[in-house]
1. Spot the failing condition for residue 120; the list is (1) open to solvent by 20 Å² or more (accessible area, probe 1.4 Å); (2) assigned to a loop (DSSP other than H, G, I, E, B); (3) at pLDDT 85 or above, and only one is missed.
2. Taking segment 74-87 as the search range and keeping residues that are open to solvent by 10 Å² or more (accessible area, probe 1.4 Å) and among the hydrophobic types (A, V, I, L, M, F, W, C), which one is modelled with the lowest pLDDT?
3. Name the one entry in 161, 113, 101 that is touching a Cys at 6+ places or on another chain (Cβ under 7 Å), at pLDDT below 85 and open to solvent by 30 Å² or more (accessible area, probe 1.4 Å).
4. Which condition number in (1) at pLDDT 80 or above; (2) touching a Leu at 6+ places or on another chain (Cβ under 6 Å) is the one that residue 94 fails?
5. What number of residues in segment 38-57 are under 20 Å from residue 117 (Cα atoms), outside any strand (DSSP E or B) and in contact with a Phe, Trp or Tyr (Cβ under 8 Å, 6 or more places away or on another chain)?
6. Which of the numbered conditions does residue 71 fail, given that it passes all the others? Conditions: (1) modelled with pLDDT of 85 or more; (2) open to solvent by less than 50 Å² (accessible area, probe 1.4 Å); (3) in contact with a Leu (Cβ under 7 Å, 6 or more places away or on another chain); (4) not hydroxyl-bearing (Ser, Thr, Tyr).
7. Collect the residues in segment 9-48 that are under 23 Å from residue 81 (Cα atoms), loosely packed, with under 15 Cβ neighbours inside 10 Å, at pLDDT below 90 and not hydroxyl-bearing (Ser, Thr, Tyr), keeping them in residue-number order.
8. Need the failing condition index for residue 57 against (1) modelled with pLDDT of 80 or more; (2) within 14 Å of residue 159 (Cβ to Cβ); (3) open to solvent by 10 Å² or more (accessible area, probe 1.4 Å), just the number.
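The values are calculated or read from the model by the stated rules, or taken from the named source; none is laboratory data. Predicted model, so just to flag it, every value in this text is computed and none were measured. When we count neighbours, we look across all protein chains shown, and the Cβ atoms used for this are built from the backbone with ideal geometry, even at glycine. For the accessible areas, the whole protein counts, side chains as well, though only heavy atoms, and no ligand, DNA or RNA atoms are used. Shrake-Rupley method; radii C 1.70, N 1.55, O 1.52, S 1.80 Å.
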Amino acid sequence: NGDVVVCLPGHVESVSSADYFSHTGTASGFSIYGYGTGTLRPTFNWTVATSTWLIDTANIEISGLRLNLAGADATGTLTVTTPITVSAEGFKAVGNFVNWGQSTDNGCGSTLGAIAFVAASQCEIVGNKFINLDTAGTLPVSCLSINGCDFFTLVGNQICGGTTATTVGSVHFVT
């Protein structure tokens, strides 16, 4: 509880496996802070179709990171299915840059959103920029899929980009 992980400007890491960020039963109540601006923000690149962050313990905060959910540096075609799933209470994301669709070859293909919140109460998503540059490739159903989440706060974010379903939109409140 209360631990802080600091990522310095220019740090780059590949999210290359399923459950890459899973901490079930081992850690909760910690923060990951990124320092830097623009492309010098600490960067996490999803590089495999099955690579995921599973945020399944309570009270995790991420701030100031650059998250390339669709493999910004991927070669060839890469479709990442639901890159981030949050299923614990108290998740907080502040001031991150999130790329949820890189091009017509690299995107997030999912029946959920690029980021899925499932029974994750008391979450705060504040001041983030979500960009999808994909216009004709594999588009997700939504950027944020919010399902069964109580006291969900979504404030001051910019969400840009297309989705596969005209009846859903970039933010999808499932229930």
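1. (1)
2. By that ranking, first place goes to 74.
3. 161
4. (2)
5. 2
6. Among (1) modelled with pLDDT of 85 or more; (2) open to solvent by less than 50 Å² (accessible area, probe 1.4 Å); (3) in contact with a Leu (Cβ under 7 Å, 6 or more places away or on another chain); (4) not hydroxyl-bearing (Ser, Thr, Tyr), residue 71 violates only (1).
7. Correct list: 18, 19.
8. For residue 57, the exception is condition (2).
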